[in-house]
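The structure under discussion appears below in the form of structure tokens.
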Amino acid sequence: MTAGVPAGRPRDPGVDERITRAAALVYGTDGWAGFSVDAVARKAGVGKASIYLRWPNKEALFVATLASRLGGVRDIDTGSVRDDLVALARQVLHTFLGEDGGAVLRLTVEAGGIPAGREHLDRFLRSQVAAARAIVLRGIDRGQLSRDTSVTLLLDCISGGALNHAVATPADLRAQVAAGADRYAEELVDFVLSSVAR
């Protein structure tokens, strides 16, 4: 064996992705109380040994799932505050209406009682606030928004409106609403900006 080359078969990143995808779905459906290595293995179509080769327990699996699937909100600078806010609203909508949306919603409720849950949720929320504040402050600096625009109220309306739209959607309409999320983001931002237009 060559020095520095690990023995055995290399890990398949496709299996890792399948497991963390299944873990997010199990958590989104059953919450922390129903989250187990058994349930994730069944959902992923792998043996429990495949999971335990990668993570020593369900807590480690959960942390890995959050790290790989709960991405932050990115700051986007198109030069237009309107287009930046639309991009922000789309990210929020896709986060909560997408495949991992159930897990993110569960986490907002259960984070305090799960190992590392609060840390990952706080990181996600901080990224959203930082991106949103940067967008609005650039808009004010460019003269696209009035200097007396309330950053907090504007962001509460857009991010809160996007979140409420996702949360209030009945399960049988989620696919339809998700398909129209990009257009809804434009309508939401245009409606909110009409109240703070210069």
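The values are calculated or read from the model by the stated rules, or taken from the named source; none is laboratory data. This one's a predicted model, so the numbers in the text were calculated from it and none came from an experiment. Positions of Cβ are generated from backbone atoms using ideal geometry, with glycine treated the same way; all protein chains shown enter the neighbour counts. Only protein heavy atoms, including side chains, enter the accessible area calculation; ligands, DNA and RNA are left aside. Shrake-Rupley method; radii C 1.70, N 1.55, O 1.52, S 1.80 Å.
Observations
- The relative contact order of segment 100-180, computed from alpha carbon pairs under 8 Å that lie at least 6 residues apart in sequence, is 13 percent.
- Binned Cα-Cα distance frequencies in segment 20-77 - 5 Å width, integer %: 4, 20, 30, 23, 9, 5, 4, 3, 1, 0
- Put simply, the amide H of residue 54, placed in the peptide plane, has no neighbours under 5 Å, leaving out anything fewer than 5 places away on its chain.
- Which of 33, 144, 177, positive extreme of dipole for the chain (C-beta unit charges): 33
- Helix-only [θ]222 nm of the chain, DSSP H runs n ≥ 4, -39500 (n - 2.57) each, per residue, nearest 500: -21000 deg cm²/dmol
- The GNM of the chain, with springs linking C-alpha atoms under 10 angstrom apart, assigns the highest mean-square fluctuation among 24, 168, 134 to 168.
- Helix 58-69 and the long axis of the chain differ in direction by around 40°, with both axes built from C-alpha atoms.
- Highest-MSF residue in the chain out of 85, 121, 93 [GNM, Cα springs under 10 Å]: 121
- Each semi-axis of the equivalent ellipsoid for the chain is √(5λ) with λ an eigenvalue of the Cα gyration tensor; in descending order they amount to 38, 19, 14 Å.
- Mean separation of Cα contacts under 8 Å, 6 or more apart, over the residue count of the chain: relative contact order %: 23
- Nitroxide proxy distance, nm - points 7 Å out along Cα→Cβ at residue 48 and residue 176: 4.2
- Spin-label model, residue 167 to residue 119: label points 7 Å out along the Cα-to-beta-carbon direction sit 2.6 nm apart.
- Share of carbon and sulfur in the accessible area of the chain stands at 55%, probe radius 1.4 Å.
- C-alpha long axis of helix 151-167 to longest principal axis of the chain, angle in °: 50
- Computed over neighbours whose Cβ is under 14 Å from that of residue 36, the net charge equals +1, Lys and Arg +1, Asp and Glu -1.
- Based on protein heavy atoms only, the chain ends up with 53 Å² per residue of surface accessible to a 1.4 Å probe.
- Helix 101-110 axis, angle to the chain major axis (alpha carbon atoms, nearest 10°): 90
- Each residue of segment 123-138 is assigned a 3J(HN,Hα), and the resulting list reads 4, 4, 5, 4, 5, 5, 5, 4, 5, 5, 4, 4, 4, 5, 5, 5 Hz, derived from the Karplus form 6.51 cos²θ - 1.76 cosθ + 1.60 (θ = phi - 60°), x at Gly and Pro.
- Hz values of 3J(HN,Hα) by residue in segment 28-41 - Karplus curve (6.51, -1.76, 1.60), Gly and Pro given as x: x, 7, 10, x, 5, 4, x, 7, 8, 4, 4, 5, 5, 4
- Dipole magnitude of the chain about its Cα centre (Cβ charges: Lys, Arg +1; Asp, Glu -1), debye to nearest 20: 500
- Normalising the Debye intensity of segment 74-113 to I(0), with uniform scatterers on Cα atoms only, and taking log10 at q = 0.21, 0.26, 0.30, 0.32 Å⁻¹ returns -0.68, -0.80, -0.90, -0.96.
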